[in-house]
1. Would you check if THR31 is in contact with a helix residue (DSSP H, G or I) (Cβ under 9 Å, 6 or more places away or on another chain), assigned to a helix (DSSP H, G or I) and in contact (Cβ under 8 Å) with a residue 12 or more places away in the chain?
2. If you check ALA51 against the conditions, is it of a type in the set (A, V, I, L, M, F, W, C), in contact with a Phe, Trp or Tyr (Cβ under 6 Å, 6 or more places away or on another chain), under 28 Å from PHE127 (Cα atoms) and free of Cβ contacts under 8 Å to residues at least 60 places away in the same chain?
3. Does SER135 count as closer than 25 Å to LEU193 by Cα, more than 20 Å from the chain's Cα centre (by Cα) and part of a helix (DSSP H, G or I)?
4. In segment 142-163, is there at least one residue being surrounded by 15 or more Cβ atoms within 10 Å (Cβ to Cβ) and free of Cβ contacts under 8 Å to residues at least 12 places away in the same chain?
5. On the given criteria, is VAL151 within 28 Å of TRP10 (Cβ to Cβ) and in contact with a Ser or Thr (Cβ under 8 Å, 6 or more places away or on another chain)?
6. Of the residues TYR54, TYR38, which is part of a helix (DSSP H, G or I), more than 21 Å from LEU177 (Cα to Cα) and out of contact with any Cys (no Cβ under 7 Å at 6 or more places or on another chain)?
Amino acid sequence: MDVISTMNDWLWVGFFGMLAGTALIYLIGSTLKSSEKYHVYLAMIITSIAAIAYYAMANNQGIFMVNGQEVFVARYIDWVLTTPLLLLSLIFLAIPAAKDSGKLRERIGMYSTIIFADIVMVATGLFANLSSDASTKRFWFILSCIALLVVIWQMYGPIKKNAMALGKSAGSLYSKLLTYLMILFFIYPIVWLLGASGYNSINIGAEVSIYAVLDLCAKAVFGVVLVLMIKGVKNVE
């Protein structure tokens with residue numbers, strides 16, 4: 001099987017995997033109380049956006065030749081929309097609705113910092129991918145990694161502190177899901193470096209397949225696990 005065929009097959013795997021994840025999240029979350037179903041809807045929005053991106057890429061849309069290499073712009077559009085939503089899904093677990101304006105302003109500040117850093121992380125990754133000059137590419141990549149560290153600092157710092165204050169169950173649920181997601185977030189830049197965007201140590205077929213698996217784990221699997229764990233906590237309560 002040639003590289004292009006392998007790449008296309010994995011793009012379709014990403015598409016159908018996201019569709020299956022969306023359906024499964026809906027089925028599992030259908031029994032949650034109405035007040036908890038926003039978790040389900042948010043998870044379904046994430047997998048639906050990813051499904052759209054994978055369908056586009058599988059049909060050779062959102063892919064452009066830049067400096068002699070294929071740049072999957074549709075993938076970055078997916079990431080810039082879905083990664084902030086993934087972080088928000090964790091934040092909503094950790095922080096209940098604010099009842100006074102002071103706390104609301106404080107939380108908006110935290111949310112804004114995290115979402116801004118996340119968008120910078122993805123956008124600078126795209127800029128690095130579009131760069132032909134090695135030093136410019138390196139600058140954008142380093143900036144993207146710094147933005148990732150800001151996200152991690154916020155999620156493991158003030159947001160986790162809020163989760164732990166809600167009780168043992170909420171703190172444990174948040175910590176497990178956060179660690180799972182952050183491990184995946186760390187793998188993405190490694191694949192970026194190994195792939196065509198970086199040192200070109202792996203072919204495009206392998207790169208696309210690894211990204212597809214990572215995306216399915218970070219979105220479809222994460223959404224299913226999130227809803228299952230919320231359901232389990234609510235049943236225990």
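We did not get these values from a lab; they are worked out from the coordinates using the rules stated. Computed from a predicted model, the values in this text were never measured in an experiment. In this analysis, Cβ positions are derived from the backbone assuming ideal geometry, glycine residues included, and neighbour counts consider all displayed protein chains.
1. No.
2. Details: of a type in the set (A, V, I, L, M, F, W, C): yes; in contact with a Phe, Trp or Tyr (Cβ under 6 Å, 6 or more places away or on another chain): yes; under 28 Å from PHE127 (Cα atoms): yes; free of Cβ contacts under 8 Å to residues at least 60 places away in the same chain: yes.
Against the criterion (of a type in the set (A, V, I, L, M, F, W, C), in contact with a Phe, Trp or Tyr (Cβ under 6 Å, 6 or more places away or on another chain), under 28 Å from PHE127 (Cα atoms) and free of Cβ contacts under 8 Å to residues at least 60 places away in the same chain), ALA51 qualifies.
3. On the way: closer than 25 Å to LEU193 by Cα: yes; more than 20 Å from the chain's Cα centre (by Cα): yes; part of a helix (DSSP H, G or I): yes.
Taking the combined requirement at face value, the residue satisfies it.
4. No; the residues of segment 142-163 include none that is surrounded by 15 or more Cβ atoms within 10 Å (Cβ to Cβ) and free of Cβ contacts under 8 Å to residues at least 12 places away in the same chain.
5. Against the criterion (within 28 Å of TRP10 (Cβ to Cβ) and in contact with a Ser or Thr (Cβ under 8 Å, 6 or more places away or on another chain)), VAL151 does not qualify.
6. Result of the check over TYR54, TYR38: TYR54.
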